[in-house]
1. Which value in deg cm²/dmol, rounded to the nearest 500, describes the helix-derived mean residue ellipticity at 222 nm for the chain, given -39,500 (n - 2.57) per DSSP H run of n ≥ 4 and division by the residue count?
2. Please report the orientation-averaged projected area of segment 67-128, defined via the convex hull of its C-alpha atoms, in nm².
3. Could you size up the charge dipole of the chain around its Cα centre, putting +1 on the beta carbon of Lys and Arg and -1 on that of Asp and Glu, and report it in debye to the nearest 20?
4. Determine, for the chain, the count of lysine pairs separated by eight or more sequence positions (or lying on different chains) whose alpha-carbon distance falls under 25 Å.
5. Might you report the magnitude of the Cβ-based charge dipole of segment 155-241 about its Cα centre, with Lys and Arg at +1 and Asp and Glu at -1, to the nearest 20 debye?
6. Among A174, A69, A93, determine the one that fluctuates most according to a GNM of the chain built with springs between C-alpha atoms less than 10 Å apart.
7. Would you list the membrane-span-like helices of the chain, meaning whole DSSP H runs whose alpha-carbon atoms span at least 27 Å along their axis and whose mean Kyte-Doolittle value is at least -1.0?
8. If packing is taken as the average count of other Cβ atoms within 10 Å, what order do 49-60, 292-303 fall into, highest mean first?
Amino acid sequence: MNILTTADLEHFEKEGYLLVRQLLDWERDLEPVFSEYCEVLDRLARDLHAAGEIASTYEELDFSDRVIACYRDTGRVLAQHFDCSLPQAATQANSPIWVGPEVFRTLRNETLLDAVEDLIGPEIYSNPVQHIRIKPPQSVLTGDLTDPKTGTKGGFDSGVTPWHQDNGVVLPNADKTDAVTVWFPLTRATVPNGCLRIIPRSHRSGILNHCRTTSGLTVPEPLLNLDAAMPVPMDPGDVLFLHRRTCHSALPNVSEEVRVSLDLRYNPVGQSTGREVFPGFVARSRANPESERHDPEAWARSWYDARELLAIKNLEYYNRWRENDGVCA
Ligand SMILES: O=C(O)CCC(=O)C(=O)O
Ligand SMILES: [Fe+2]
């Protein structure tokens, strides 16, 4: 084993999650990718200012306040400009996406891969279901703000994360895989700013019914053991590993600061990702090291190619929950 102990692995199996405090180092593992997102924001603010959409470039503000200023002035949710994944509907040839080299290096982070190897073995595929969450304060998300991804107000990417299982929001071909979710913050995640909530042991009850709501796919509350729900405040450096069926949600952000986090997923090479229209890659292979992807530009291109394809032929099939049944009423 690389990093995790036998007790860690037993905890993950039994409880459906594993929280490892200070697994990552700010300077070595997180600062480079956070700086890259600061540059993305800088370019976005300059573009928005040039287009007359915001009153200033707000360069004197820190990341959090600058994001808030851009949301306020534009009246738009700008999350897609940072996301390392494509929208699940209405992808255009110019849909924003950020697949920069530091994001790629983060997907290939050796410490993360060492821990993931302990959980799922040495043949590791970077599953393309991956996001950065720029979660602004709820007060910024006024009723007028429209999420360009969903066309709804206050939708999933506007910061609300309702109860769900990650396995429940992808296609069923990933149900029997060993996909693991890796969640870690780039800024403090606290109860007031909307940290994650998890229900330990909820991975044992199979896939629960998910209903379509304006906030995204949601497990109805009567199906959940909410008494066991547990908030998970985390500092940068902490990493949460989630079983693919563990129920989780996020608290609302009632603070004045933006919560920033990454959620990545890995599965053993050869298993379905549950979202085949998006590109993944072999992150580590002890058996076949030549199959590993090391080139950040080739990775970025794979996303641009997927975007081009989806802009021509948008595939609606990102999830299995077609009809609302009884439990959703
Ligand atoms: O960060 C969030 O609010 C939601 C994250 C999530 O659902 C996930 O990592 O699977
Ligand atoms: Fe999730």
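1. Taken over the chain, the calculation gives -7500 deg cm²/dmol.
2. Quarter of the Cα hull surface area: 6.2 nm².
3. On the way: 33 positive and 48 negative charges, 209 e Å.
Charge dipole, the chain, about its Cα centre: 1000 debye, nearest 20.
4. Here the count comes out as 4.
5. Working: 6 positive and 8 negative charges, 24 e Å.
I would put it at about 120 debye.
6. A93
7. Numbers: long enough: 31-50 (28 Å, -0.24).
Span-like helices here: 31-50.
8. 292-303, 49-60
The values are calculated or read from the model by the stated rules, or taken from the named source; none is laboratory data. All figures in this text were calculated on a predicted structure; none of them were measured in a lab. Cβ sites come from the backbone with ideal geometry, for glycine too, and all protein chains shown count toward neighbours. All accessible areas refer to the heavy atoms of the entire protein, side chains included, with ligands and DNA or RNA removed. Shrake-Rupley method; radii C 1.70, N 1.55, O 1.52, S 1.80 Å.
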